[in-house]
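One structure is given here, and the rest of the page talks about it.
The values are calculated or read from the model by the stated rules, or taken from the named source; none is laboratory data. A quick note: this is a predicted structure, and the numbers were derived from the prediction, not measured. Cβ placement follows ideal geometry from the backbone for every residue including glycine, while neighbour counts extend to all protein chains displayed. Heads up: the accessible areas ignore ligands, DNA and RNA and are worked out on the full protein's heavy atoms, side chains in. Shrake-Rupley method; radii C 1.70, N 1.55, O 1.52, S 1.80 Å.
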Amino acid sequence: MPPEKHQLVYTLTARCRDCHRCLRVCPVNAISIANGQASVKPERCISCGACIRECPQGAKTYRRDIAQARDLIASGAVVAASVAPSFAAAFPDWKGGRFVSALRRLGFAVVAETAVGAYYSAQACAKAAGNGSNICGACPAAVNYIEKYRPELAAQIMPAASPMVAHARLLKTALGQDAKVVFIGPCVAKKSELERQDAAGAVDVALTFEEITEWLGKSGIDIASCEESAFDGLPRGDSRLYPVPGGFLKTAGLGDGFMNPAAISVTGAAEVKDALLSVPPEVAVEPLFCREGCINGPGLKTADGLLKRRASVFSYAAKAQTAKTGGAKTGAAGKFTDDEIRRACAAEFSPRPFKSGVEISEADIQRVLEQTGKGEPEQQLNCGACGYRSCREKAVAVLEGMAVPEMCIPLMRRRAEQRADRIISDSPNGIVVLDSSLSIISANPAFRTLFSCSDDLPGRRLSSVMDSAPFEKVAAGAQESVDSVYRDAPAGIFCKMLIYPLREEGQVIGIFVNMAQHDGGETAGLQRAQTVAQARELLEHQIDMAQHIAMYLGESTAKSEELVKKIIALSEEGKDGLDNTL
Ligand code: SF4
Ligand code: SF4
Ligand code: SF4
């Protein structure tokens with residue numbers, strides 16, 4: 001078992017390709033990179049599932065709890081399913097009604113809607129709003145975030161249990177405390193909610209729609225073959241809308257989250273974090289960590305886009321029957337009493353601040369910045385390519401053991417370019433780079449020596465240095481490349497010459513191996529060996545680097561790689577090859 005696998009969110013290491021995408025989307029920098037693997041630090045993680053949704057390799061995943069739910073049913077206990085209203089997005093159109101029957105076939109004695117609890121949870125929030133609390137606590141990722149990273153706001157979370165917890169308590173009130181409740185929804189963070197002290201004993205297992213689909217598949221239950229059937233019990237009001245932005249506020253009677261400046265809905269991790277920095281305490285806020293709300297939860301897998309998912313929830317909510325008053329006791333006759341509802345909605349939020357435990361001084365940060373060539377503020381690009389918002393934040397992560405300096409893409413690219421520049425400048429072969437009009441962009445020292453030129457070559461026409469006719473053919477596209485001998489007897493120049501274009505860049509490259517020194521003896525052999533060794537060193541370095549920054553390799557790196565390959569080929573032709581061209 002991988003070391004992380006006991007965690008709620010973890011990495012399937014064999015699949016991880018070290019691309020850092022999860023790192024970039026994690027809103028709390030809970031992912032560390034070491035030895036080419038991204039791993040989740042549970043003490044930092046808020047279980048939002050953003051990394052699971054975004055990992056292109058399917059390497060980020062979460063703990064599966066199907067076996068626990070199956071065991072509950074096998075134990076003979078009365079097991080109720082509390083189904084989140086986003087089921088309408090996960091199982092749209094004709095599948096919705098049949099999904100209820102499919103759950104019964106799995107062995108659930110009661111199949112009810114979490115929206116029943118959402119109604120009471122929203123009413124409790126409505127009562128609390130304006131009395132010192134203004135943040136809805138329906139999204140457990142938002143609650144985890146506040147308690148860990150904005151602990152000073154914990155007291156502002158409305159003291160009301162989430163729809164899931166409120167519903168589970170109501171189910172147990174109706175069915176008896178020996179009954180078990182399995183929540184089924186789009187959310188990974190709901191699994192973490194089961195570990196909260198103030199929610200202890202309410203929900204027994206939390207599954208995602210993805211898990212329930214796996215379970216149905218393994219049990220050989222095809223939704224298409226199930227009959228239509230209705231949920232047990234009816235929710236009230238607009239409570240089936242809470243998975244879409246503004247739905248919970250609407251259920252609470254606080255507007256729709258958009259048109260009422262006193263109550264706003266915010267979705268998406270960055271937006272929620274930003275809102276929590278700026279929303280005044282008198283404004284009620286409904287923070288949903290998933291962009292567009294729970295219909296985009298990490299445990300809801302569907303090919304449908306967010307608009308279609310939203311439409312599916314609206315369509316279901318518009319058609320489905322609701323309770324007019326009271327709220328029928330699910331699975332039993334009668335109504336919930338005020339006291340039962342109050343107990344179902346009880347909640348307590350408190351600060352649980354995350355501390356890395358690593359003492360870091362300004363001098364430490366400056367040292368790391370300097371090691372990575374960012375000692376001066378103007379050198380700190382703050383581009384975010386490493387996954388951290390600033391070079392400084394990344395330096396802190398390095399000191400905390402969460403990151404390595406090589407995650408800085410501009411740094412790695414600069415190092416690669418410097419290495420390439422050095423090897424090209426040290427090459428014993430003359431190298432000249434020209435623009436499409438054959439003006440010199442750059443030339444290395446060996447070229448300047450070969451053609452007895454000064455340092456002021458850039459900007460000059462090649463024709464002022466040598467016969468440029470073969471270059472003109474390549475630049476004009478009349479010839480794909482040139483591989484020949486260049487001879488200027490009066491100047492004492494005798495070279496093997498290779499010319500090729502870089503069409504995308506609009507440039508032409510010339511490489512010259514000085515054959516005047518070629519006596520078939522040690523000089524030429526040494527020169528070739530030196531060239532090949534240097535070029536190979538660069539190539540190996542480039543390939544190694546490419547494994548880290550493959551997607552970021554820029555034009556200049558690719559260009560130098562092509563150039564170096566040509567130098568190797570040219571030099572490896574060896575003595576015989578050169579003689580044959582003469
Ligand atoms: S996003 Fe990239 S780095 Fe993160 S787990 Fe997936 S493959 Fe690995
Ligand atoms: S679940 Fe969320 S907080 Fe945890 S590692 Fe993934 S993105 Fe970060
Ligand atoms: S927005 Fe919904 S699905 Fe996403 S983390 Fe919050 S509660 Fe879970």
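Observations on the structure shown:
- Backbone HN-Hα couplings from phi across the range 65-76 [Karplus 6.51/-1.76/1.60, Hz, Gly and Pro as x]: 10, 4, 4, 5, 5, 5, 5, 4, 5, 5, 6, x
- Stretched out straight at 0.36 nm per residue, the stretch from Ala67 to Glu227 would grow longer than its current Cα-Cα span by 55.0 nm.
- Highest average packing first - 99-105, 411-417, Cβ atoms within 10 Å: 99-105, 411-417
- Whole-percent pair-distance distribution, where bins are 10 Å wide, for the alpha carbons of the range 104-243: 11, 38, 35, 13, 4, 0
- Here Lys496 is the anchor, and the aspartates and glutamates within straight C-alpha reach of less than 15 Å, apart from those fewer than 8 places off in the same chain, are Asp467, Asp483, Asp488, Asp519, Glu572, Glu573, Asp576, Asp579.
- Sequence-separation-based contact order of the range 356-407, relative, with Cα cut under 8 Å and 6+ spacing, percent: 33 percent
- Only protein atoms count toward the accessible area here, which uses a 1.4 Å probe; on the chain, the carbon and sulfur part of that area reaches 51 percent.
- Exceeding the 20 Å Cα-Cα cut-off - candidates Lys172/Lys319; Lys190/Lys301; Lys148/Lys180: Lys172/Lys319; Lys148/Lys180
- Overall form of the range 416-467 per C-alpha gyration tensor (a/c, 1.5; a/b vs b/c): oblate
- The range 356-407 shape via C-alpha gyration tensor axes, a/c threshold 1.5: oblate
- Other-chain or far-sequence residues with amide H under 5 Å of Val79's (modelled H): Ala109, Val110, Lys180
- Added length on full extension, which subtracts the Cα-Cα distance from 0.36 nm per residue, Asp339 to Ala77: 91.7 nm
- Rg/Rh for the range 210-320, where both radii come from Cα atoms and Rh is the Kirkwood radius: 1.05
- In Å, descending, principal axis extents of the Cα set of the range 34-80: 46, 24, 19
- Ellipsoid equivalent to the range 155-205 - semi-axes via the Cα gyration tensor, in Å: 18, 14, 10
- Computed over the alpha-carbon atoms, the range 396-485 gives an Rg to Rh ratio of 1.20, Rh here being the Kirkwood radius from the mean inverse distance.
- Each eigenvalue of the Cα gyration tensor of the range 258-401, multiplied by 5 and square-rooted, gives one semi-axis; in descending order these are 46, 21, 16 Å.
- If the convex hull is drawn through the Cα atoms of the chain, its volume per residue in Å³: 215 Å³
- When Rg and the Kirkwood Rh are both derived from Cα coordinates, the Rg/Rh ratio for the range 46-144 amounts to 1.04.
- At q = 0.10, 0.17, 0.22 Å⁻¹, base-10 log of I(q)/I(0) for the range 1-100 (Debye sum, equal scatterers on each alpha carbon): -0.40, -0.86, -1.05
- Heavy-atom accessible surface of the chain, averaged per residue, reaches 44 Å², computed with a 1.4 Å probe.
- Scaling the Cα radius of gyration of the range 64-344 by the globular reference 2.2 N^0.38 Å produces a ratio of 0.93.
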